[in-house]
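Data block below; observations after.
Derivation of every value follows stated rules applied to the coordinates shown; laboratory data play no part. Predicted, not measured: the structure shown is a model, and the values here were computed from it. For neighbour counting, all protein chains shown are included, and Cβ atoms are generated from backbone atoms with ideal geometry for every residue, glycine included.
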Amino acid sequence: MGIGLFQQKYGVLNTFGGLLNFAYNVNLQTDSNLTFGLNVGFYKSGINSGAVVTNDPRTFIRDHPFKFIAHH
C-alpha cells in the first residue's frame, strides 16, 4: 500500500495531486501466486492570480476563460 502527494508551481500555474497504490498477493499453491494491484491518481490545476503581473489595469485574470492542454 502506498500514498504519494505532490505540488508543482510552474510560473502562474499551480498543480496539486496525489496517487494511491494498493497491491495484494494470493498464494494459490506452493509454487504459484496471484498478485493484483490498483492505482488511483488525482490532480487539480489552477492559476495563481497573485503571481500574475500585468501593466494593463483592465486585465482581470479571474474572469478569463483559460483552457489548458496537458502534454505528456
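Could you run the Karplus curve 6.51 cos²θ - 1.76 cosθ + 1.60 with θ = phi - 60° over the range 16-22 and give me ³J(HN,Hα) per residue in whole Hz, x for Gly and Pro?
Per-residue couplings from phi come out as 10, x, x, 9, 10, 10, 9 Hz.
Using a Förster distance of 22 angstrom, determine the FRET efficiency expected from the C-beta separation of Ala51 and Phe6, and round it to 0.05.
Given R0 = 22 Å and the Cβ-Cβ separation, E is 0.70.
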